[in-house]
Amino acid sequence: MNKILSVIFSAVLLAIPLSVLGLGTDNAFAPTPGWRAPDAGILSDMDAHIAKNLPLKPRLDELNLTIRTFGGQREYNQIFISGDELIPNVDPPMDYMVRENTAAILRFAETAGIPTYCMIIPTVSAIRQESLPQFSQTQVLNQKQFIENVYSGMIGRVTVIDVYPILFNARSQYLYYRTEKNLTALGGFYIYTALGPKLLEGASRPALSDYDIEYAKNDYYGELYERSPFTDTRADTLSIFRYTRNPREYTVRIRQGGSLKTYHTLYPLHLLELGSPMDIYMGGLNAVTNVASNSPYPASLLIFGDKTALSYMPFLVNYYRTVTLVDLFQLDAAGSRSISIQDYDQVLFAYSIESYLHTNHPSRAANLLASPHMAAG
């Protein structure tokens, strides 16, 4: 019955643009006696008006998706529709990118002579597998196996940090945004609980009771929502975790091209009013983000990472004197000169599995080793 209704609805959908706009091909709609075709000028004006306003397209896209979903299809534009959340699929690995990134990290660790760590972060499609439609099981990448394979080639030369188990065990919690391709602040906390034992010696065991949780925005819709006309998705909540066990003072310095900004908070909430909700996390992802604090722990950490770092970095900074996040994709020559690798006690390569599979961003860190400024410190 569902299939029959789906076919009927699809036929109606296909007819809507033709009947509304009065357009047809191959005499699909025969003219009535006395009908005279509009001249070219009128048609041109109609085309221009439609192109400018497209009043039907968003509604038709939504109706088309509703019909396809009603007929059993649960994927649109590489996004799985699961209840009130959107789960993006992950494209197959680009093998040469993976080899290049892995080789560069190993070369960096051997050359820099600084304790080096690697963390590959799985996406929501791997952690919330039970939420995916049945047909998708043969389409999604086995992220757990992929991560284990990469780590097996690093063990002994780089310290690997496997966050898959802790995220999977907490999968029923709000770890990933429903409309954005990133982890929530809570997801960042769980990553931090896996990072801490590897990176930090003598630090106290992480506990949510150490933080006051605030809700900065309860009606956020991200990029996945923009890519899909599915409007039943529930809005996301942007949360912030303020460390209260031993409060810190922070100085956040951001370098983006020739621009330099300074904040005295991890959460510049005024950016909400400027239309950049995700930038409330340390000003967003920039070429270089340096966070200094009055932490009693003297060590410094350099992170080569992507936007996933915005979720867990606010937790790490409480146990370092300085933490610097570098987005190698945005880093320019001026930004490179602002960093001296030898000033850091630890280096962490931390990327979402998508970045590791499909970009050469991790491998670009090897270029910094060739800089005399970097090598000399």
Worksheet item: In nm, what is the difference between 0.36 nm times the number of residues separating Glu223 and Val140 and their Cα-Cα distance?
Response: 27.8 nm
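What order, most packed first, do the peptides 163-169, 326-332 have when packing is the mean number of other Cβ atoms within 10 Å of each residue? Show your work: numbers first, answer last.
Details: 163-169: 16.4, 326-332: 19.1.
The packing order, highest mean first, is 326-332, 163-169.
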Worksheet, complete the sentence: Of all lysine pairs in the range 89-376 that are eight or more residues apart or on different chains, those with Cα atoms under 22 Å apart total 8
Discussion item. How far apart, in nanometres, would the label points at Ile213 and Gln129 be if each is projected 7 angstrom from Cα along the Cα-to-Cβ direction?
Written reply: 2.7
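Any chance you could run the full-extension gain for Lys198 through Arg107? It's 0.36 nm times the residue separation minus the Cα-Cα distance, nm to one decimal. Walk me through the intermediate numbers first.
Numbers: separation 91, 0.36 × 91 = 32.76 nm, distance 2.10 nm.
Full-extension gain reported as 30.7 nm.
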Discussion item. Between the range 276-324 and the range 159-221, how far is it from one alpha carbon centroid to the other, in angstrom?
Written reply: 14
Worksheet item: Where q = 0.08, 0.13 Å⁻¹, what log10 of I(q)/I(0) comes from the Debye formula for the range 89-376, counting one point per Cα?
Response: -0.33, -0.91
Worksheet item: Suppose R0 equals 30 Å; then what is the FRET efficiency for Ala299 and Ser152 from their Cβ-Cβ distance, rounded to the nearest 0.05?
Response: 0.60
Discussion item. When 1/r is averaged over all different Cα pairs and the result inverted, which Kirkwood radius in Å belongs to the range 187-302?
Written reply: 16.4
Discussion item. Please list 3J(HN,Hα) in residue order for the range 256-263, calculated via the Karplus relation 6.51 cos²θ - 1.76 cosθ + 1.60 where θ = phi - 60°; whole Hz, with x for glycine and proline.
Written reply: 9, x, x, 9, 10, 10, 9, 10
Discussion item. Once R0 is set to 30 Å, what does the formula 1/(1 + (r/R0)^6) return for the Cβ-Cβ distance between Asp232 and Phe168, expressed as a FRET efficiency to the nearest 0.05?
Written reply: 0.70
Response to the item:
Across the alpha-carbon set of the range 224-377, Rg over Rh with Rh taken as the Kirkwood radius works out to 0.99
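Coordinate-derived values only; no laboratory data. Keep in mind that what you see is a predicted model, and the values were worked out from it rather than measured. FYI the Cβ positions are ideal-geometry reconstructions off the backbone, even for glycines, and counts take in every protein chain you see.
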